[in-house]
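Heads up, the thing below is written out as structure tokens.
The values are calculated or read from the model by the stated rules, or taken from the named source; none is laboratory data. Bear in mind the structure is a predicted one, so any value in this text is a computation, not a measurement. Note that we place each Cβ from the backbone using ideal geometry, even for glycine, and neighbour counts take in every protein chain shown.
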Amino acid sequence: MKKIKLPNSAYNWLSAFGAILALGALLVFLFLFIISTFTGTSSSYLGMFMFIIIPPFLVVGLFLIPIGMYIRNKRVKKGGPEGLSAPVIDFNKSTHRNAAVIFTGGTIIFLLLTALGSYEAFHFTESNVFCGEVCHSVMHPEFTAYQNSAHARVRCVECHVGEGVDWYVKSKLSGLRQVYGVITGDYDRPIPTPISNLRPARETCEKCHWPEKFYSRTNRLEKHFLADEENSAWDISLTLKVGGEHNSEGLSEGIHWHVDPDNIVQYISTDERRQDIPFVRFINKKTGDTTVYIDSDSDFDIADISKFEVREMECIDCHNRPSHQYLPPDRFINDKLASGDISPEIPEIKAKLLEICENEFVSIDSLKVFANATIAAFYSEDYPDYYEENKELIENSVNAFVEVYSKNIFPQMAVTWDKYPSNIGHMNFKGCFRCHNGLHESEEGKLLERDCNQCHLINAQGPPENMVRAEYNTPLEFQHPVDIDGAWKEMNCNECHTGLQP
């Protein structure tokens, strides 16, 4: 077999190293590509190696080949005239023909692989796997909550990036800083919110949630369990006024009135988490009328308005946890009691599980050990006969508790329910009461009333077997499951319901 000859300048250690590096990277890429294609194997790390880590080695190796040739050529001709003469290509020489064939063929293969790699790299960095699993410890809480959310089939980038080159570039530049933070360990635990540079909801959320086509009123059943010996059930049937009474009325009233295209609602918050809102301004676009409301319980001075950011209310100001919501213990234990995964037949089970949640744990494993030991000790001592007869039921309930706990509380990232306020509703956080607390008043004496019926109507409430039901279109007044002498009329719900109280 005839030996393939190359120009003398190609025979140097640097070019040889570059060729070995490029060839090695190419072989590794092809090997992984074959594995992922023919075995169906896919993971965040496989994609990261194939399309992000390996290609730079291939590029560096290819660049080293001509650099080595240049250096060797310069060294050989060092004793000659100043400067280097232009290279002469003579296809009559076999060495030049071989070099040209290898260079042309290599260039074509390199360009094809570059196109494939760039395409795959783009799609990989846009994938949920890349967003949620590459930085596993950092993004684990967000990725877990996302997978259990209503948007689990919506790609991360559709909300966090959206359409268009400009936001894609912004997100990647921001991503470089985040990657550096992950590598060096320089990031907050938990990750702070709200995200200051998030794209406006009208450019993302409203691609699917079209304001003019919101549904009219809808019914909802809330199931609660008290922390008493019987885990007493208490249900509330609500009509949520998400829009008008009929579809034809659009957003003329109800919750989504705030984002009606005919209205502009602006506000100022004085804290980073946007929980304290002393200033609200409403502009009626049809009439041009403007009304300003100031919280009389705050020390906000309207003369200082220029010192603050005036935000226009959008979807994300209420739906601030659309895909990454961490439920408080009272909520996620309620859900498991309602589904039967935690048996409501076990006496005092809700109260004991809430007590466990008052403790801090370094990991989910330490929670599991503590929960099993604590529950076993309590029931073997206080309910010995019941415990002996229902050991398996109790153990299964504890396992269900640990499982749902691990989806909402993440010790390694210091993520707990109270670190991320949810502005939907008003049970465990201020939510609606940030503005509708009855203290925001205009110069004309108008109030942003603290009236629950503005957003929902109670159709029935009470124990499931004996609910009090309203007459048609006549809502019930809220009844607190435990008699607190009407204190709920004067206080915000979240002042008592901190997430650890039923």
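Would you check if there is a residue in the stretch 341-348 being modelled with pLDDT under 95 and not in a helix (DSSP H, G or I)? Scanning the stretch 341-348, I find no residue that is modelled with pLDDT under 95 and not in a helix (DSSP H, G or I), so the answer is no. Hey, can you tell me all the residues within the stretch 412-429 that are of a type outside the set (A, V, I, L, M) and within 18 Å of PRO192 (Cβ to Cβ)? Hits for the stretch 412-429 are GLN412, THR416, TRP417, ASP418, LYS419, TYR420, PRO421, SER422, ASN423, PHE429. Listed by first and then second residue, the pairs linking a residue in the stretch 345-373 that is among the hydroxyl-bearing types (Ser, Thr, Tyr) to a residue that is assigned to a helix (DSSP H, G or I) and modelled with pLDDT under 95, with Cβ atoms under 6 Å apart and 6 or more places separating them unless they lie on different chains, are SER363/PRO411.
This table checks each residue for (1) farther than 30 Å from TYR146 by Cα; (2) modelled with pLDDT under 65.
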| residue | (1), (2) |
| --- | --- |
| PHE49 | no, yes |
| PHE57 | yes, no |
| ILE65 | yes, no |
| VAL88 | yes, yes |
| ASN92 | yes, no |
| TYR119 | no, yes |
| PHE124 | no, no |
| GLU133 | no, no |
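Can you tell which of ILE305, ILE316 is outside any loop (DSSP other than H, G, I, E, B) and in contact with a Cys (Cβ under 9 Å, 6 or more places away or on another chain)?
Only one candidate qualifies: ILE316.
Name the one entry in LYS407, LYS446, LYS430 that is outside the structural domain of LYS350 (by TED's automatic domain parsing), closer than 25 Å to ASN334 by Cβ and touching a residue at least 12 places away in the same chain (Cβ under 8 Å). It would help to see each step written out before you state the result.
Details: LYS407 fails: outside the structural domain of LYS350 (by TED's automatic domain parsing); LYS446 fails: closer than 25 Å to ASN334 by Cβ.
Selected residue: LYS430, the only one of LYS407, LYS446, LYS430 that is outside the structural domain of LYS350 (by TED's automatic domain parsing), closer than 25 Å to ASN334 by Cβ and touching a residue at least 12 places away in the same chain (Cβ under 8 Å).
When the criteria are applied in full, GLU490 meets the requirement of being without any contact (Cβ under 8 Å) to a residue 12 or more places away in the chain, loosely packed, with under 13 Cβ neighbours inside 10 Å and either under 30 Å from THR291 (Cβ atoms) or outside the structural domain of THR291 (by TED's automatic domain parsing) (or both).
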